[in-house]
Amino acid sequence: MKREIKMTADGSQTLYVPEIDEHYHSIHGAVQESDHVFIDKGIDALFLKEVKVLEVGFGTGLNCLLTALWSDKHQLKVHYTGIDPFPIDEKLNMALNYPSQIKSNKAQEYFDKIVGSEWGLPLSVHDQFILTKNERRIEDFESSELYDIIYFDAFGPNAQKELWEYHILESVYTLMDERSIFVTYCAKGQLKRDLSSIGFTVETLKGPPGKREMTRARKN
């Protein structure tokens, strides 16, 4: 899968996949989008001393980096599991400028560890943050763990419709602990109807810059 580095409106970069005409992050601002959807409206909405995160669509590692910084700031333990069937070439991944766009003197250190970590093995990014990356599809992912929050950051329904189908969302539901959160940038009506039918309480929230709405759902 060919990938090209593209600049977004907030000065941070993302990757573009010509084959499916899809960007990994919003062209209106990669860091802004991730921070708004997955941190501000996601993990910040939990009130736990220890959090288990599952990211569907690990991609560039940006969401992971922001969560590692959040964990360090709040001194809260995070076990972070990322899944992606098509890992990005490490050299290309390292070329992305996220650390320079984030106001933290630890961003580069953490990003280097995240990108350079071996797939399939746990890594301590810092004392409070354990990362495990899995090279597999969500439909092939099995876990004895139940997660407190799902970052659903797959390519959009127009590019990869199969990742947003009912049975995929249903399988994600079974991986979630009680009162856990599912959060995504997507706000399509069909997604929200499916989530509600599966058993979620669905919220439509204000979206990141350039996007009117996003979705957050809580497991009942």
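The values are calculated or read from the model by the stated rules, or taken from the named source; none is laboratory data. These numbers come from a predicted model, not from an experiment. With ideal geometry, Cβ positions are generated from the backbone for all residues, glycine too; neighbour counts draw on all protein chains shown. For accessibility, only protein heavy atoms count, side chains too; no ligands or nucleic acids. Shrake-Rupley method; radii C 1.70, N 1.55, O 1.52, S 1.80 Å.
Of everything in segment 139-162, what is in a loop (DSSP other than H, G, I, E, B), in contact (Cβ under 8 Å) with a residue 24 or more places away in the chain, out of contact with any Asp or Glu (no Cβ under 8 Å at 6 or more places or on another chain) and under 30 Å from Lys49 (Cα atoms)? Give them in sequence order.
Answer for segment 139-162, where residues must be in a loop (DSSP other than H, G, I, E, B), in contact (Cβ under 8 Å) with a residue 24 or more places away in the chain, out of contact with any Asp or Glu (no Cβ under 8 Å at 6 or more places or on another chain) and under 30 Å from Lys49 (Cα atoms): Phe141, Ser143, Glu145, Ala154.
If you check Gly199 against the conditions, is it loosely packed, with under 14 Cβ neighbours inside 10 Å and either more than 25 Å from Trp70 (Cβ to Cβ) or in contact with a strand residue (DSSP E or B) (Cβ under 6 Å, 6 or more places away or on another chain) (or both)? Spell out how you get there, then give the answer.
Details: loosely packed, with under 14 Cβ neighbours inside 10 Å: yes; either more than 25 Å from Trp70 (Cβ to Cβ) or in contact with a strand residue (DSSP E or B) (Cβ under 6 Å, 6 or more places away or on another chain) (or both): yes.
Yes, satisfied.
Please go through segment 4-25 and give me each residue that is over 22 Å from Ser104 (Cα atoms) and outside any strand (DSSP E or B), ordered by number. Reasoning before the result, please.
From segment 4-25, those over 22 Å from Ser104 (Cα atoms) are 4-6, 15-24; that's our starting set.
Residues satisfying the conditions are Pro18, Glu19, Ile20, Asp21, Tyr24.
Just give me the residues in segment 165-186 being over 15 Å from the mean Cα position of the chain (by Cα) and open to solvent by 20 Å² or more (accessible area, probe 1.4 Å), in sequence order.
Once the filter is applied, which keeps residues that are over 15 Å from the mean Cα position of the chain (by Cα) and open to solvent by 20 Å² or more (accessible area, probe 1.4 Å), segment 165-186 yields Glu165, Tyr166, His167, Glu170, Ser171, Tyr173, Thr174, Asp177, Glu178, Arg179.
Regarding segment 124-138, can at least one residue be identified that is surrounded by 12 or more Cβ atoms within 10 Å (Cβ to Cβ) and part of a helix (DSSP H, G or I)? Talk me through it step by step, then tell me what you get.
The initial filter retains those residues of segment 124-138 that are surrounded by 12 or more Cβ atoms within 10 Å (Cβ to Cβ), namely 125-126, 128-138.
Then keep just the ones that are part of a helix (DSSP H, G or I); that gives 138.
There is at least one residue in segment 124-138 that is surrounded by 12 or more Cβ atoms within 10 Å (Cβ to Cβ) and part of a helix (DSSP H, G or I).
Output the residues belonging to segment 174-220 that are under 12 Å from His36 (Cα atoms), assigned to a loop (DSSP other than H, G, I, E, B) and of a type in the set (Lys, Arg).
Lys211
So which of Lys219, Lys206 ends up being in contact with a strand residue (DSSP E or B) (Cβ under 9 Å, 6 or more places away or on another chain) and either free of Cβ contacts under 8 Å to residues at least 12 places away in the same chain or of a type in the set (Ser, Thr, Tyr) (or both)? I'd like the intermediate steps shown before the answer.
Details: Lys219 fails: either free of Cβ contacts under 8 Å to residues at least 12 places away in the same chain or of a type in the set (Ser, Thr, Tyr) (or both).
Selected residue: Lys206, the only one of Lys219, Lys206 that is in contact with a strand residue (DSSP E or B) (Cβ under 9 Å, 6 or more places away or on another chain) and either free of Cβ contacts under 8 Å to residues at least 12 places away in the same chain or of a type in the set (Ser, Thr, Tyr) (or both).
With (1) in contact with a strand residue (DSSP E or B) (Cβ under 7 Å, 6 or more places away or on another chain); (2) closer than 20 Å to Thr132 by Cα; (3) touching a residue at least 40 places away in the same chain (Cβ under 8 Å); (4) not hydrophobic (A, V, I, L, M, F, W, C) as the list, and Thr14 as the residue in question, which single condition is left unmet?
(2)
Any residue at all in segment 71-91 that is at pLDDT 95 or above, within 11 Å of the chain's Cα centre (by Cα) and not in a strand (DSSP E or B)?
Yes; the residues of segment 71-91 include at least one that is at pLDDT 95 or above, within 11 Å of the chain's Cα centre (by Cα) and not in a strand (DSSP E or B).
Considering only segment 40-64, state which residues are part of a helix (DSSP H, G or I) and more than 24 Å from Ala159 (Cβ to Cβ).
Matches in segment 40-64: Asp40, Ile43, Asp44, Ala45.
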